Amino acid sequence: VQLQAFGGGLVQPGGSLRLSCAASRKLSSINAMGWYRQAPGKQRELVAVIISGGSTKYADSVKGRFTISRDNANSTMYLQMNSLKAEDTAVYYCNYVLGSLGSIYWGQGTLVTVSS
């Protein structure tokens, strides 16, 4: 399975972006889907996750501003990012956890730059 994240770009503070993560094929057993980010000089951190039952969890730094969602029919995940701040600048990666063994797959990352 290959994942492709896209939708990043340059946006001004206060602006919005929508990231998408698409799988190379339809997936039947997705345990969890998540977005992570890694800013320059920092460790990769969890931004948001949505599990198979539909529950979501967000990093405190993005609560109320970011929304994770999914399209089960197309095995696609989204991250709507509003009220973006400079500190949201990072490479954003998508992550799927699949199957009974919990196999983990990563997308290649998409760069989000928040700057005036």
**OP:** List the lysines whose Cα lies under 30 Å from the Cα of K26, skipping any in the same chain that are fewer than 8 positions away.
**Re:** K57, K63
Original post:
From the phi of every residue in the stretch 76-84, what ³J(HN,Hα) in whole Hz does the Karplus formula 6.51 cos²θ - 1.76 cosθ + 1.60 yield, where θ is phi - 60° and glycine or proline is x?
Top reply: 10, 10, 10, 9, 8, 10, 10, 6, 5
**OP:** Taking amide H positions as placed in the peptide plane 1.01 Å from N, state which residues far from T76 in sequence (5 or more) or on other chains have amide H under 5 Å from it.
**Re:** D71
**OP:** For L46 and A86, calculate 0.36 nm times their separation in residues minus their Cα-Cα distance, and state this gained length in nm to one decimal.
**Re:** 12.7 nm
**OP:** Choose one answer from S28, S20, S69: the residue with the largest mean-square fluctuation in a GNM of the chain with alpha-carbon springs under 10 Å.
**Re:** S28
Original post:
How big is the stretch 44-83 by Rg and Dmax over its Cα atoms, in Å?
Top reply: 10.4, 30
**OP:** Find, among the trypsin sites (Lys or Arg not before Pro) in the stretch 1-76, those assigned to loop by DSSP (not H, G, I, E, B) with at most 16 other beta-carbon atoms within 10 angstrom.
**Re:** R25, K26, K42, R44, K63, R65
Original post:
Within a Cβ distance under 14 Å of G9, other residues only, what is the Lys/Arg minus Asp/Glu net charge?
Top reply: 0
Subject >> Nearest-0.05 FRET efficiency for T56 and L10, computed from C-beta distance (R0 22 Å) >> reply: 0.20
**OP:** Could you grab the relative contact order for the chain? Cα pairs under 8 Å, six or more apart, rounded to a whole percent.
**Re:** 38 percent
Original post:
Which cross-chain or sequence-distant (5 or more) residues have an amide H under 5 Å from the amide H of N31, H modelled 1.01 Å from N in plane?
Top reply: V97, L98, G99
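Throughout, read-outs are computed from the coordinates displayed, never taken from laboratory work. Here the structure is a predicted model, which is why all the values come from computation and not from measurement. Positions of Cβ are backbone-derived with ideal geometry, glycine not excepted, and every protein chain shown enters the neighbour counts.
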